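The values are calculated or read from the model by the stated rules, or taken from the named source; none is laboratory data. Just so you know, these numbers come straight off a predicted model, no measurement behind them. Cβ: placed from backbone, ideal geometry, glycine included. Neighbour counts: every protein chain shown.
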């Protein structure tokens, strides 16, 4: 077991790393908050003791302790529980010392609430990731000429299960419902996405702790993990929550492997079964990733032209910039990186499938 000093150092390093990520992703406020926590957080109150004594891996690729704390604080602002904290949050500009004074006070005054929130990992639905998914879905539809049956792993509140109800501008191409309250216009580079008739026949998603967009408490929780100075991101997510809340389709509470096993066992003749996930696969245990890969590969071996299978993913591959957009289609099993995209979907670099009939 790590000693206290080693745990403390790991937590502060996680906050510094998260600060750098926030700056790169356009959130100077949360970057400052994380830098302040790295420098000034103490164990003189229960929240500080819990965070600095974190027994797991505090990094963003594991337990995401900095974003757990940032989300807990933002929740106090959103629900009006701490007006003093709200007074130093965006859109106001606050000196770092004043901000940290309010944060420390909030950690003491709302210790029980914050400690409870620290028990759960962050949950977000980055709606703009659908901008990267859409050209992948178009590629699948063009290849097979069939409707899609969707299975999303790590769907959270299911916002990206409803990607076909959004409006898009991908370079020079417009797609989707022009009246949609959710409008996605990423910075687009690369070729024009393929044209294809696209229809969703069935959709489902799973998450270990799914959120219901129709419940105000769940909607607020989802919003709390967004970065407080990114007003456009918050507004976009609110609009997507409204779209998802109007649907009867809810995300199922289940682990990825057992859920995939059930979904892949159902014959789906006449449609393409598409398994997809965005920045979710990395959070599975190593054993579950192996089991999930084996399940998908086994289902792929049984795929036919009449009942094909595809896997579309946007995941961190350790290469910059952004994340890898990867597509594999069966019965051939051919797999390609068809593009790259920003982790929040701000830009898409489209490469496409090498040859489409």
task: Only residues in region 137-148 that are in contact (Cβ under 8 Å) with a residue 40 or more places away in the chain count as the first member; pair them with residues that are buried (at least 21 other Cβ atoms within 10 Å of the Cβ) and assigned to a helix (DSSP H, G or I), Cβ under 9 angstrom, at least 6 apart or cross-chain, and list the lot.
output: 137/163; 146/140; 147/141; 148/137; 148/140; 148/141
message: On the basis of being at positive phi and in contact with a helix residue (DSSP H, G or I) (Cβ under 9 Å, 6 or more places away or on another chain), does residue 64 make the cut?
response: yes
- prompt: Any chance region 316-330 includes a residue that's touching a strand residue (DSSP E or B) at 6+ places or on another chain (Cβ under 7 Å), part of a loop (DSSP other than H, G, I, E, B), in contact (Cβ under 8 Å) with a residue 12 or more places away in the chain and buried (at least 20 other Cβ atoms within 10 Å of the Cβ)?
  reply: yes
- request: Could you check residue 116 against (1) in contact (Cβ under 8 Å) with a residue 24 or more places away in the chain; (2) surrounded by fewer than 21 Cβ atoms within 10 Å (Cβ to Cβ); (3) under 24 Å from the mean Cα position of the chain (by Cα); (4) under 30 Å from residue 35 (Cα atoms) and say which number it fails?
  value: (1)
- prompt: Hey, any hits in region 283-297 for a residue that's under 13 Å from residue 140 (Cα atoms) and surrounded by fewer than 17 Cβ atoms within 10 Å (Cβ to Cβ)?
  reply: no
field: Residue list for region 85-100, filter: surrounded by fewer than 16 Cβ atoms within 10 Å (Cβ to Cβ) and either more than 28 Å from the chain's Cα centre (by Cα) or outside the structural domain of residue 73 (by TED's automatic domain parsing) (or both)
entry: 87, 95, 96, 97, 98
Among the residues listed as 311, 335, 340, the single one being in a strand (DSSP E or B), within 20 Å of the chain's Cα centre (by Cα), without any contact (Cβ under 8 Å) to a residue 60 or more places away in the chain and within 24 Å of residue 269 (Cβ to Cβ): 311
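Let's see how each residue does on (1) assigned to a helix (DSSP H, G or I); (2) assigned by TED's automatic domain parsing to the domain that holds residue 141; (3) crowded, with 18+ Cβ neighbours inside 10 Å:
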| position | (1), (2), (3) |
| --- | --- |
| 180 | no, yes, no |
| 189 | no, yes, no |
| 210 | no, yes, yes |
| 247 | no, yes, no |
| 258 | yes, yes, no |
| 267 | no, yes, no |
- line: Restricted to region 121-152 and to residues being in a loop (DSSP other than H, G, I, E, B) and modelled with pLDDT of 95 or more, the residue surrounded by the fewest Cβ atoms within 10 Å (Cβ to Cβ) is 145
query: Of (1) surrounded by fewer than 23 Cβ atoms within 10 Å (Cβ to Cβ); (2) over 19 Å from the mean Cα position of the chain (by Cα); (3) more than 26 Å from residue 318 (Cβ to Cβ), residue 28 satisfies all except one. Which?
result: (3)
Pair list, Cβ under 6 Å, 6 or more apart: region 239-251 residue in contact (Cβ under 8 Å) with a residue 40 or more places away in the chain, other residue surrounded by fewer than 18 Cβ atoms within 10 Å (Cβ to Cβ) and in a loop (DSSP other than H, G, I, E, B): 239/181
